[in-house]
Amino acid sequence: MMPKAHKIRATRDEVLQAPAAPGSLLVIHAAELLTLRGSPGPRIREAAGQLGLIEDGAAYAEGDRIRDVGTTTDILARHPRAGVRLDATGKVVLPGFVDPHTHPVFAGSRAHELEWKAQGLSYSEIAARGGGILHTVRATREASEEQLARDAASRLRSMRSSGTTTVEAKSGYGLRTADELKMLRAIADAGRLANVDVVSTFLGAHAVPPEFEGRADDYARTVEGEMLDAVVSSRLASCCDAFVDDGYFSAEQAGRILRRARDAGLRPKVHADELADTGGAELAAGLQALSADHLNHASAGGVEAMARAGTVAVLLPATSFASHLPFADGRRFVAAGVPIAVGTDFNPNCWCDSMPLAIALACHHCGLTSAEAIVGATINAAHAIGRDREVGTLEPGKRADLLVLDLPSWRHVGYRLSGNAIETIVRQGRIVEDRRGKR
Ligand code: NIG
Ligand code: FE
């Protein structure tokens, strides 16, 4: 007995005397630390709102990785000191938000379309007037790569101020090879400039460009052929998306593009059933896509197929808000066992860079609980972009991306429509924004 007890005491002494590891960080005394840990795979059904809450919680990170998570007593016993110590007494701590669907690279704005919206014009009617996506395509083709990257970086910085540490970003306003590649390079540069982790998606099938007017099928063949070849060899994208909807691309056209993309190593995603049910949800499920997004009009068969395939439903309520579209019914997806994620859909038609607002809209209009929306904005969103091994939970080995929220409880996430409650943002183990004492 004696030697063993002696050994334990010695180890404890070693721990207490050890200097702080370089690049180490301790977050302690969080009233509520939401780890989001759970079984592998996206969270569904009763796990759809599983927060993995630790009261008086703490996390310890070294370098860019989380090393340990637990109660403050346990963590301080194992890691008594660190280069940086954050006291989160009375605060909520959770993983950095993962925004699984954005279009942040574009030139110009669509501020003038707000007047058309005020007159009651729908998204499709605005597009028919020469507005919408093609308006942004004209401006984006004319813009330089540097300008696009600079503007996108400032949008990503604004997203990060609202707690987004990982963001999926799509091309889709170039619609010809050189301009799509220009957008993808601008996305990568913007991520570096803004210090945000970016997952890039090729969205050549976003709209039919003017030079292919009336020839959607010819354009889809071009996307599936030379454009996809160029994107794959550039290695600038890890996912491929297509807008399957009335007036855009059919499930058949998108299916050909996304199957070829998948064979070339890009993960498929689908803009599905936003304006009408045109089979987007079924297509995404059949392709084992990472996600089907929007889903305001998804059919019962589409929802069931997504549940069987494990395809994540990315809800984008800010778009419904901005374009007067019906909100997707989150309860249908939870009941069917479909994993749910929440995103902003930041784009020139829906200038929402705030995950907290997207979460609040999902709670107030899509029927999600705060817990489900938090899961949807972290671990399930990470699954929707293929980053679930890296981010989305606070667990040893994951990236040390976390937020300290000045809120009395996690229940206020989703409840509050405005006011930035984010006090401190840690990205890759370093404090990148700190509003302690300044709020
Ligand atoms: O996700 N629906 C298609 N794409 C975007 C809108 C892009 C735009 O209108 O510029 C969306 O809502
Ligand atoms: Fe979109």
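Before we move on, is residue 363 buried (at least 19 other Cβ atoms within 10 Å of the Cβ) and away from ligand 1 (no atom under 11 Å from the Cβ)?
Yes; evaluated as a whole, the condition is true for this residue.
Here are the criteria: (1) of a type outside the set (A, V, I, L, M); (2) in a helix (DSSP H, G or I); (3) within 16 Å of ligand 2 (Cβ to nearest atom). Tell me which single one residue 224 does not satisfy.
(3)
If the requirement is being in a helix (DSSP H, G or I), within 15 Å of ligand 1 (Cβ to nearest atom) and of a type outside the set (Ser, Thr, Tyr), which of these qualifies: 276, 285, 254?
254
Might you let me know whether region 298-313 holds any residue that is in contact with a Ser or Thr (Cβ under 7 Å, 6 or more places away or on another chain) and within 12 Å of ligand 1 (Cβ to nearest atom)?
Checked against the condition, which is being in contact with a Ser or Thr (Cβ under 7 Å, 6 or more places away or on another chain) and within 12 Å of ligand 1 (Cβ to nearest atom), region 298-313 yields no hits at all.
Among all residue pairs at least 6 apart or on different chains, which show Cβ distances below 7 Å where the first residue, located in region 125-148, is assigned by TED's automatic domain parsing to the domain that holds residue 323 and free of Cβ contacts under 8 Å to residues at least 60 places away in the same chain and the second is open to solvent by 50 Å² or more (accessible area, probe 1.4 Å) and of a type in the set (D, E, K, R)?
Hits for this filter: 145/185.
So which residues in region 396-439 are among the aliphatic types (A, V, I, L, M) and in contact with a Lys or Arg (Cβ under 8 Å, 6 or more places away or on another chain), if there are any at all?
Of everything in region 396-439, those that are among the aliphatic types (A, V, I, L, M) and in contact with a Lys or Arg (Cβ under 8 Å, 6 or more places away or on another chain) turn out to be 400, 404, 405, 407, 422, 425, 432.
Just the residues that are touching a Leu at 6+ places or on another chain (Cβ under 7 Å) and more than 16 Å from ligand 2 (Cβ to nearest atom), please, taken from region 185-218.
Passing the criteria: 185, 186, 188, 190, 191, 194, 196, 209, 210.
Tally time: how many residues in region 72-94 are assigned to a strand (DSSP E or B) and buried (at least 17 other Cβ atoms within 10 Å of the Cβ)?
4
Look through region 242-266, keep the residues that are open to solvent by 20 Å² or more (accessible area, probe 1.4 Å) and within 16 Å of ligand 2 (Cβ to nearest atom), and return whichever of them is farthest from residue 220 (Cα to Cα).
246
Does any residue of region 398-410 turn out to be closer than 20 Å to residue 271 by Cα, open to solvent by 10 Å² or more (accessible area, probe 1.4 Å) and of a type outside the set (Lys, Arg)?
No, region 398-410 contains no residue that is closer than 20 Å to residue 271 by Cα, open to solvent by 10 Å² or more (accessible area, probe 1.4 Å) and of a type outside the set (Lys, Arg).
The values are calculated or read from the model by the stated rules, or taken from the named source; none is laboratory data. Here the structure is a predicted model, which is why all the values come from computation and not from measurement. Reconstructed Cβ throughout: ideal geometry from the backbone, glycine too, with neighbour counts over all protein chains shown. In case anyone asks, the SASA skips ligands and DNA or RNA and just uses the protein heavy atoms, side chains included. Shrake-Rupley method; radii C 1.70, N 1.55, O 1.52, S 1.80 Å.
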